[in-house]
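FYI, it's all coordinate maths here, none of it is from the lab. It should be emphasised that the depicted structure is a prediction, and the values quoted were computed from it without experimental measurement. Cβ sites come from the backbone with ideal geometry, for glycine too, and all protein chains shown count toward neighbours.
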Amino acid sequence: MEYESNSSTWDGVYYYPHLFGGIMLTAALLGLSTSYFGGIMGFPTLPYMLPYLRNLQKKKGGKKRIRVYMDGCFDLMHYGHANALRQAKALGDELVVGLVSDEEIVTNKGPPVLSMEERLALVSGLKWVDEVIANAPYAITEDFMNRLFNEHKIDYIIHGDDPCLLPDGSDAYALAKKVGRYKQIKRTEGVSSTDIVGRILASMDDKEVCQVPKESSQNGEPAEMNKNAENLLKSKHASNFLPTSRRIVQFSNAKGPGPNARVVYIDGAFDLFHAGHVEILKSARQLGDFLLVGIYTDQIVSEQRGAHFPLMHLHERSLGVLACRYVDEVIIGAPWEITKDMITTFNISLVVHGTVSESKSSLNGELDPYSVPKSMGIFRMIESPKNITTTSVAQRIKANHEIYEKRNAKKEASEKKFYEERKYISGD
């Protein structure tokens, strides 16, 4: 970093000033040169002592670890949040996340969808997060900034390149910028909490539109109307996310299971990644050495839950799961039925399923998708730690749709302005 010296020699002087000063003071008082110490007393001359100082420094712990801080509401967690925290972690060695309190969110943005407990589980479950400060303020005041620097040993405060303004129109990070302790990352385009709320609100009308009976009349019009309604739904609310192999690699652990690893497999939609997902993945991971997660295709999710689902498409959902610290690998577009060939290919030792699920017991009359692992004696039901589901989260928004519609209208205007004025910032 900028304020660090490139000279390990002077680092040694910095960490042990008393030792270095004592040597120099002794030499000055006696009027002796460093050659005298070397020639008469067998004491190493000063240039040769510097390596010893460097070794002392290394023994103390080496180079100072850089601690960075990033705050946010992190309501309706998505891959954009995860990528922001990934970028923030790359700017230091340890990432501390400030989680804005429910009260501060209400004051500055309106009611949050998720509680502090749920948001805490989500943020703590991300692989790049080292520490979390709960109930952080929305605005970084001078007092709180000093707490970050002095108590939490923060070196830099991080935020995205999108503006974060307080109700009075001022920059929420002005103080950090003023003291030169601010760093900026690139916003992940194609998703936002505002966008996701919009998808959920829109699905209220879409669900009604898509309730056209699937039975065909003599001329086939009702069935055709239903197909058109579903196609309209998919085109109207399609995600703007453009997945790349590089992004997937950035989220991946980039390593497979060892030859003798106990591989645990769990599958699902994992739509609108929430605290319930984090907790069930944690429970599954504790049953083995390597957790493999199957992410259902969009088609399977739609057939299971209706045309208005999934709220997030396959690649969005896959990145959300990959960001979880308990997950080792994902199958992007996992099949509905677990076959013997699949179990052999991935060397699966145990297949698990939670007690809380939104999926139907069968799909289009097919048999139990877990019949094969059950017959092999490697299937286990595990208790879901939380009752929260994607549908229950969506219902919170629908129950207060007027409030969220007003909030979204305001946010959508500011986001539109951001995208119109944005400039590319290299590196993400």
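Packing-wise, with mean Cβ within 10 Å as the measure, how do 326-333, 288-295 rank, highest first?
Numbers: 326-333: 19.9, 288-295: 21.9.
Highest to lowest by the protection proxy: 288-295, 326-333.
Which part of region 142-157 falls in the paramagnetic zone of ASP168, meaning amide N under 13 Å from the point 7 Å along Cα-to-beta-carbon? In region 142-157, the label zone of ASP168 (backbone N under 13 Å from the point 7 Å along Cα→Cβ) covers 142.
Rounded to the nearest whole Hz, the Karplus-based 3J(HN,Hα) values (6.51 cos²θ - 1.76 cosθ + 1.60, θ = phi - 60°) of region 262-271 follow the sequence 8, 8, 9, 10, 9, 10, x, 7, 6, 7, with x at glycine and proline. The phi torsions of region 110-124, fed into the Karplus equation with coefficients 6.51, -1.76 and 1.60 and a -60° offset, translate into couplings of x, x, x, 7, 9, 6, 4, 4, 5, 5, 5, 5, 5, 5, 5 Hz, rounded to whole numbers, with Gly and Pro shown as x.
In a fully extended conformation the segment linking ILE248 and GLN299 would gain 16.2 nm over its present Cα-Cα distance, using 0.36 nm per residue. A full extension of the chain between ASN400 and ARG262 corresponds to an added length of 45.2 nm, given 0.36 nm per residue minus the alpha carbon distance.
Computing FRET efficiency as 1/(1 + (r/R0)^6) for ALA202 and LYS64, where r is the C-beta to C-beta distance and R0 is 45 Å, gives about 0.35.
Counted residue by residue at 0.36 nm each, then reduced by the alpha carbon distance between them, the extension gain from ARG325 to ALA90 reaches 83.0 nm.
Summarising the label geometry, the points placed 7 Å from Cα in the beta-carbon direction at ASN146 and MET376 lie 6.2 nm from one another. Using a/c under 1.5 as the rounded threshold, could you call region 242-388 rounded, prolate or oblate? The axes a ≥ b ≥ c are square roots of the C-alpha gyration tensor eigenvalues, and prolate needs a/b larger than b/c, oblate otherwise. Rounded, since a/c falls under 1.5. The alpha carbon centroids of region 58-104 and region 250-304 are separated by 24 Å.
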